[in-house]
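Data first, discussion second: the structure below is written as C-alpha cells.
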Amino acid sequence: MREIRAVLCGYYGKGNAGDEALLASLLQMLPQGVTPLVLSGNPTETRKRYKVQTCDRNSAFRVLKAMRNSDFFIWGGGSLIQDVTSAASPLYYAGLMGLARQLGLKTIAWAQGIGPLKRELTRRVARQSFASCTAVSVRDRGSAELLADWKIPFIIAPDPVWALDSSQVQGLWDLPAPRVAVTLRSHPALTSERLANLTEALINFQKATQTCILLVPFQASQDLSIAESIQSQLPGSNQIFQIEDPRQLKGLFRGVEMAIGMRYHSLIMAAAAECRCFALSYDPKVSQLMSDLDLPGWELAQLPDDPNIISQTWLEHYANGDPLSSDQIQSLVDRALMHRDLLTQALSISN
C-alpha cells in the first residue's frame, strides 16, 4: 500500500480546546498508512503536541505547496461553515476546499456542524462545497436536514469527541472531593448581570454542597477572565485548570461529579465520563445536544433573574439527577466511530 497524504483543515492552533479535541479525534481515527499535514494557526505548537507535519494556515504559498504534495483534503470537524461568528470564515474554508478540488485532491467534509447560515452567499457557497466532496459526515440533525434539502449524500453520527481517548490529569486527585466543573465563555448572551447571577448561584451552591469547584477555560482568550472573576469570589476549595492536551481535558471529567457548562465539547466530555450535566446554551448546537441527550439546562436568554432559583435547580440536579448510563455512552461512542469508518472507506479509494 502506498503512502496516502492528507491535508487536515480546521480551526486548529487557535487555542480552542473543542477544536483541538476534534483534531485529536481525527488523528486518532485516521487509518494506518495515511500521513497527515495539519493547517494550523500555531504550526510549531501543533507539531510538538501531535507529532505531525504542519503548515501555517495563513501562508498561501505553504498551503499551496502542501496541497500539491497531497492526495486528500479533509475539513476536520466542527462549526467551520457558519456565518454567525464571521462572514469571512466560511469563505476561507470554502476557498481552500475549492483550491483542493482544482489541484485534483479528493475532498472529505468530516464531522461537520453546518450553520447557522444567515447569508444567501454563504449558503450558496456551502452548498457547492459540500456537493463536490468525495464523502461527507455530519454530527447533528440540523446539518443532516440541510444536506438532505440540498440532496447531498452524507452520514450522520455523534460528535467524534465521544470516542476520543482520555488520559489522567496531574494533581486532579489531590483536590478534595466531590468536584464540580464549570465551563463558561464570553458571549453577548452572557451579560454582566447574568454572569453576576451565575456567580452568586455558584457561591450558594458551593456553600450548600461543600464541593470543590473546577473552573475550566476551553479558550483562554474568551474564558480565562471569567474563570478568574468567579474564582476570586468563591468561598471554598477551587482550582482553575488550563489544559492544552485534549485527552487530558477529557480525562479531567472522570474525576468530576457534575458539570455546569456553556461549552459544547465540555458537555460531551462530561457526559462521556458519566457526569451529571447542566447546560447553559448560547448556540443552537448546544440546544440540540440538550435535546438529543435530554440534558437539563437553560437557554442563556431565559436564565432566571434570581440566583436562588439557579442554585436550587443545580442542587436538585446534583442530588437527584442521573448521568447517562454506561449503555447510552457506549452506544454514542460506537456510533461516533462511524466517522472513522467513513475515513477508512473514503481514503481507501486512492489505494
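About the Cα centre of the chain, what is the dipole size in debye to 20, counting +1 per Lys and Arg Cβ and -1 per Asp and Glu Cβ, all else neutral?
Charge dipole of the chain: 1680 debye, to the nearest 20.
Which percent of the Cα-Cα distances in segment 172-331 go past 24 Å?
Here the tail beyond 24 Å accounts for 25 percent of pairs.
With a sphere of radius 14 Å drawn around the Cβ of residue 51, what net charge do the other residues whose Cβ falls strictly inside it have (Lys, Arg +1; Asp, Glu -1)?
Result for the neighbourhood of residue 51: +2.
Need one word for segment 114-216: rounded, prolate or oblate. Basis is the Cα gyration tensor (sqrt eigenvalues a ≥ b ≥ c); a/c below 1.5 gives rounded, then a/b vs b/c decides.
The shape class here is oblate.
What is the order of 340, 139, 68, fewest Cβ neighbours within 10 Å to most?
Ordered from fewest to most neighbouring Cβ atoms within 10 Å, 340, 139, 68 come out as 68, 340, 139.
What ³J(HN,Hα) values, in whole Hz, does the Karplus curve 6.51 cos²θ - 1.76 cosθ + 1.60 give for segment 248-259 when θ = phi - 60°, with x put for Gly and Pro?
Values, residue by residue: 5, 4, 5, x, 4, 6, 6, x, 10, 7, 8, 10 Hz.
Stick to the Cα atoms of segment 31-184, pair each with every other, and give me the Kirkwood hydrodynamic radius in Å at one decimal.
17.4
I need to check one value: relative contact order of the chain, counting alpha carbon pairs closer than 8 Å and at least 6 residues apart, in percent.
Relative contact order for the chain comes out at 17 percent.
Rounded to the nearest Å, what's the spacing between the alpha carbon centres of segment 84-143 and segment 26-77? Just the number, please.
Centre-to-centre (Cα) distance: 18 Å.
So which trypsin sites (Lys or Arg not before Pro) in segment 1-39 are both in a DSSP loop and have at most 12 other Cβ atoms within 10 Å of their Cβ?
Listed in order of number, the matching sites are 2.
If I build a Gaussian network model for the chain, linking alpha-carbon pairs within less than 10 angstrom, which residue out of 315, 337, 37 has the largest mean-square fluctuation?
315
Could you work out the relative contact order of segment 263-351, using alpha carbon pairs under 8 angstrom and six or more residues apart, expressed as a whole percent?
30
Please arrange 152, 230 by counting, for each residue, the other beta carbons lying within 10 Å of its beta carbon, fewest first.
Ascending number of Cβ neighbours within 10 Å: 152, 230.
Taking amide H positions as placed in the peptide plane 1.01 Å from N, state which residues far from residue 35 in sequence (5 or more) or on other chains have amide H under 5 Å from it.
Under 5 Å from the amide H of residue 35 lie the amide H atoms of 4, 5, 6, each far enough along the sequence or on another chain.
Normalised by the number of residues in segment 4-156, what is the relative contact order in percent for Cα pairs under 8 Å and 6+ residues apart?
For segment 4-156, the relative contact order is 20 percent.
Note down the net charge around residue 193, summing +1 for each Lys or Arg and -1 for each Asp or Glu among other residues with Cβ under 15 Å from its Cβ.
Combined, the nearby Lys, Arg, Asp and Glu give -2.
In sequence order, what are the phi-derived ³J(HN,Hα) couplings for segment 311-318 according to the Karplus relation 6.51 cos²θ - 1.76 cosθ + 1.60 with θ = phi - 60°, rounded to whole Hz, with x for glycine and proline?
5, 5, 5, 4, 4, 4, 5, 4
Counting other C-beta atoms within 10 Å, which of 134, 44 has the fewest, and how do the rest follow?
44, 134
Coordinate-derived values only; no laboratory data. Predicted model only: the values in this text are computed from it and were never measured. Backbone-built Cβ (ideal geometry, glycine too); neighbour counts: all protein chains shown.
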